[in-house]
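Here is the structure we will look at.
The values are calculated or read from the model by the stated rules, or taken from the named source; none is laboratory data. What you see is a predicted model; the values in this text were computed from it and never measured. Glycine gets a Cβ as well: all are built from the backbone with ideal geometry, and neighbour counts include every protein chain shown. Just so you know, the surface numbers come from the protein's heavy atoms only, side chains and all, with ligands and any DNA or RNA stripped out. Shrake-Rupley method; radii C 1.70, N 1.55, O 1.52, S 1.80 Å.
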Amino acid sequence: MSVELKPCPFCGNHADLDFHANGCKQYFDDMGVSYNTPTLYTVKCRWCGCLIGAYESTDWAIEAWNRRAES
């Protein structure tokens, strides 16, 4: 999936797709995900640090980040 990430909904700056390999138990516990999950993906704003939860695929992480409420 080659979808561009939308700007941060809070500050309007750029965001990055990031991954967390299995190894940081506290991170996985905080996200409510099994520690045995091999790789999780998240999106985080470069400027303000806003981030979404952890997802098992890049597609899911991008979709979650780009989702905006209709105004």
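Structural remarks
- Residue, modelled with the highest pLDDT, within the stretch 1-23, restricted to residues that are farther than 25 Å from A69 by Cα and exposed (fewer than 13 other Cβ atoms within 10 Å of the Cβ): F19
- Leading residue by the ranking (modelled with the lowest pLDDT) among those in the stretch 54-69 that are crowded, with 16+ Cβ neighbours inside 10 Å and not in a helix (DSSP H, G or I): A54
- Of the residues making up the stretch 24-53, those that are of a type in the set (A, V, I, L, M, F, W, C), open to solvent by 60 Å² or more (accessible area, probe 1.4 Å) and at pLDDT 90 or above are W47, C48.
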